[in-house]
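J.: The structure is given below, and queries will be raised subsequently.
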Amino acid sequence: MSLRVGRGFDPLAALAEEPLAGRASPARSRLRSQALALARSEALVEAAYSYCIVALEEPVTEWLCAGTERLHAPWLLPAAGRLTAIACGACTLGPLLERRVAELFAERRASLAVALDQLGNEALMAVGRRAQDRIAADVARRGLTMAGELRAGDPGLALEAQAAVLRLAQAETVGVSVNASHLMLPLKSTSMVLGVGVDLPAAQWSRCDHCPTRDRCTVPARAASAQAAAGNAG
Ligand code: SF4
């Protein structure tokens, strides 16, 4: 199990180029620009990620045994190929942005607070994409394949697994912890578990497929548009 850490990059750089998804009003676009300028001028984003690719004990069952941790993640069991490891990652923006959001609310500048919070969500997604790209490259270098993505608390992986995922990702290296309610701290943090193995077919499922909050959640649409943008850029 070897730890990889990424920091010192700027997820806001790409966001500054990206227009707001959908038909954003001029007022919303203006607020986003203000939030971006604020995040930049006060250096509110300290992006970082850590991940480890951890071998699974044989035989691999729906209770995945990785080191001293056990995760119940039957969705990762592939229809073909061989699941041999999991990649566990943690991503964060650090604590400054969420503190600034709280201050803005306290100052009754709610519109800017909301815009900054949303910008933080976009930035965190960008950090997650970067971490996944690095993991995919790492996995490919080892001659392995990667398929399936779970996040503790979403369908497919219980929220109670969060602490184990963060231990496997060695998330404390980038300042991410979990409290007794399984909430990650800083709040603008996220974690992921990806299947790694030999000749794994592409997963035919997504953690969002049967999510009860899918209709209200903006993540699938934003992830799809980011993927399309990356495809166009490539
Ligand atoms: S729809 Fe949203 S809340 Fe549901 S699993 Fe997907 S990202 Fe998570």
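The values are calculated or read from the model by the stated rules, or taken from the named source; none is laboratory data. Computed from a predicted model, the values in this text were never measured in an experiment. Here Cβ is always computed from backbone atoms with ideal geometry, including for glycine, and neighbour counts include all displayed protein chains.
J.: Take the residues in segment 187-213 that are under 17 Å from the mean Cα position of the chain (by Cα) and of a type in the set (Gly, Ala, Ser), then tell me which one is modelled with the lowest pLDDT.
T.: My answer is Ser206.
J.: Restricting to segment 146-180, name every residue that is among the β-branched types (Val, Ile, Thr), surrounded by 20 or more Cβ atoms within 10 Å (Cβ to Cβ) and more than 16 Å from the ligand (Cβ to nearest atom).
T.: Residues satisfying the conditions are Val174, Val176, Val178.
J.: For a quick check of your reading: which strands (runs of 3 or more DSSP E) sit entirely within segment 1-116 and have at least 3 residues that are in contact (Cβ under 8 Å) with a residue 24 or more places away in the chain and in contact with a strand residue (DSSP E or B) (Cβ under 8 Å, 6 or more places away or on another chain)?
T.: Correct list: 3-7, 48-55, 69-72, 82-92.
J.: Tally the residues that are more than 14 Å from the chain's Cα centre (by Cα) and either of a type outside the set (Lys, Arg) or crowded, with 17+ Cβ neighbours inside 10 Å (or both), restricting the search to segment 101-135. Outline the logic, then answer.
T.: Kept after step one, since they are more than 14 Å from the chain's Cα centre (by Cα), are these residues of segment 101-135: 101-119.
This time we only want the ones that are either of a type outside the set (Lys, Arg) or crowded, with 17+ Cβ neighbours inside 10 Å (or both), so: 101-107, 110-119.
The number of residues fulfilling the criteria is 17.
J.: Considering only segment 219-228, I want to know if a residue exists there that is more than 18 Å from Ile53 (Cβ to Cβ), touching a Cys at 6+ places or on another chain (Cβ under 7 Å), of a type in the set (Ser, Thr, Tyr) and within 15 Å of the ligand (Cβ to nearest atom).
T.: So far as segment 219-228 goes, no, none of its residues is more than 18 Å from Ile53 (Cβ to Cβ), touching a Cys at 6+ places or on another chain (Cβ under 7 Å), of a type in the set (Ser, Thr, Tyr) and within 15 Å of the ligand (Cβ to nearest atom).
J.: Give me a count of the residues in segment 200-216 that are more than 8 Å from the ligand (Cβ to nearest atom) and within 15 Å of Leu76 (Cβ to Cβ).
T.: Adding up the residues that qualify gives 7.
J.: Looking only at segment 111-162, count every residue that is acidic (Asp, Glu) and under 19 Å from Leu38 (Cβ atoms) and tell me the total. Can you show your working first?
T.: First pass over segment 111-162, keeping only residues acidic (Asp, Glu): 117, 122, 133, 138, 149, 154, 160.
Still in the running and under 19 Å from Leu38 (Cβ atoms): 117, 122.
Within segment 111-162, residues that are acidic (Asp, Glu) and under 19 Å from Leu38 (Cβ atoms) number 2.
J.: So is Gly22 under 29 Å from Pro155 (Cα atoms), at pLDDT below 95, loosely packed, with under 12 Cβ neighbours inside 10 Å and more than 18 Å from the chain's Cα centre (by Cα) or not? Reasoning before the result, please.
T.: Values: under 29 Å from Pro155 (Cα atoms): yes; at pLDDT below 95: yes; loosely packed, with under 12 Cβ neighbours inside 10 Å: yes; more than 18 Å from the chain's Cα centre (by Cα): yes.
Spelling it out, Gly22 is indeed under 29 Å from Pro155 (Cα atoms), at pLDDT below 95, loosely packed, with under 12 Cβ neighbours inside 10 Å and more than 18 Å from the chain's Cα centre (by Cα).
J.: Now a separate question. Evaluate the following for Gln162: is it within 12 Å of Val193 (Cα to Cα) and either under 15 Å from the mean Cα position of the chain (by Cα) or among the polar types (S, T, N, Q) (or both)?
T.: Considered against the rule, which asks whether it is within 12 Å of Val193 (Cα to Cα) and either under 15 Å from the mean Cα position of the chain (by Cα) or among the polar types (S, T, N, Q) (or both), Gln162 comes out as yes.
J.: Going through segment 135-163 one residue at a time, which ones are touching a strand residue (DSSP E or B) at 6+ places or on another chain (Cβ under 6 Å) and in a helix (DSSP H, G or I)?
T.: The answer is Ile135, Ala136, Val139, Leu159, Ala161, Gln162, Ala163.
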